[in-house]
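**Q** Here it is, the structure in full.
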Amino acid sequence: MNSNCRKLKLPRTFCVGKDFGCLVPREHQNEQFEFGSLEWRSVTFDDDRVAIRYADAVVAIYDEQDPGTMWEIGYAYSHEKPIIILHTISEPVNIMITESLHAYLRSFKELQMYSFKQLRTIPYRGEVT
């Protein structure tokens with residue numbers, strides 16, 4: 001299975017057997033509205049923002065550095081949420097991400113093994129941009 005398939009399946013399988021729930025924004029696209037319409041954009045943005053505000057922690061996949069994910073990381077940080085970064089490719093990480101994260105994980109296995117009850121701090125120790 002290639003890494004893109006794993007990333008798509010990760011949100012669906014990650015919470016199985018855990019003592020917490022997960023909200024995966026890509027799985028809550030407000031299909032009652034036309035994609036990209038003003039109504040869809042407003043509701044989707046608000047849903048995402050509210051979910052982050054009420055989250056106990058935020059997990060972000062940093063591999064693609066999607067602008068929306070970067071905004072979510074910043075928003076989570078501004079609300080003092082622990083941010084767990086999953087970064088499976090070998091490249092430097094932006095300093096704004098390294099200094100806002102709570103835990104830096106390099107593999108899906110590390111994420112599966114990470115204790116969200118303990119929320120251990122794991123700093124990024126690599127090269128920054």
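The values are calculated or read from the model by the stated rules, or taken from the named source; none is laboratory data. All figures in this text were calculated on a predicted structure; none of them were measured in a lab. Here the Cβ positions follow ideal geometry from the backbone for every residue, glycine too, while neighbour counts run over all protein chains shown.
**Q** Tell me which residues, restricted to segment 52-75, are among the acidic types (Asp, Glu) and within 10 Å of the chain's Cα centre (by Cα).
**A** GLU72
**Q** Tell me, which residue of segment 44-84 that is surrounded by 15 or more Cβ atoms within 10 Å (Cβ to Cβ) and aromatic (Phe, Trp, Tyr) is modelled with the lowest pLDDT?
**A** TYR62
**Q** Take HIS102 and decide whether it is touching a Phe, Trp or Tyr at 6+ places or on another chain (Cβ under 7 Å), surrounded by 16 or more Cβ atoms within 10 Å (Cβ to Cβ) and either hydroxyl-bearing (Ser, Thr, Tyr) or at pLDDT 90 or above (or both).
**A** No: the conditions fail for HIS102.
**Q** Taking VAL59 and the conditions (1) farther than 27 Å from ASN30 by Cα; (2) of a type outside the set (D, E, K, R); (3) in contact (Cβ under 8 Å) with a residue 40 or more places away in the chain, which numbered condition does it fall short on, given that it satisfies the others?
**A** For VAL59, the exception is condition (1).
**Q** If you don't mind, there's one more thing I want to ask. Pairs please, first residue from segment 107-129 and of a type outside the set (S, T, N, Q), second anywhere and loosely packed, with under 12 Cβ neighbours inside 10 Å and assigned to a loop (DSSP other than H, G, I, E, B), Cβ atoms under 7 Å, 6+ apart in sequence or on different chains.
**A** Once the first residue is of a type outside the set (S, T, N, Q) and sits in segment 107-129, its partners that are loosely packed, with under 12 Cβ neighbours inside 10 Å and assigned to a loop (DSSP other than H, G, I, E, B) give PHE116/PHE20; GLY126/PRO92; GLU127/PRO92; VAL128/PRO92.
**Q** Turning to a different aspect of this structure: With the requirement that a residue be of a type in the set (A, V, I, L, M) and either outside any helix (DSSP H, G or I) or in contact with a Gly (Cβ under 8 Å, 6 or more places away or on another chain) (or both), what does segment 96-116 give you?
**A** MET96, LEU101, ALA103, LEU105
**Q** I've got another one for you. Among the residues in segment 1-10, are any surrounded by 11 or more Cβ atoms within 10 Å (Cβ to Cβ), closer than 21 Å to LEU119 by Cβ and either over 12 Å from the mean Cα position of the chain (by Cα) or at pLDDT below 90 (or both)?
**A** The answer is yes, given that some residue of segment 1-10 is surrounded by 11 or more Cβ atoms within 10 Å (Cβ to Cβ), closer than 21 Å to LEU119 by Cβ and either over 12 Å from the mean Cα position of the chain (by Cα) or at pLDDT below 90 (or both).
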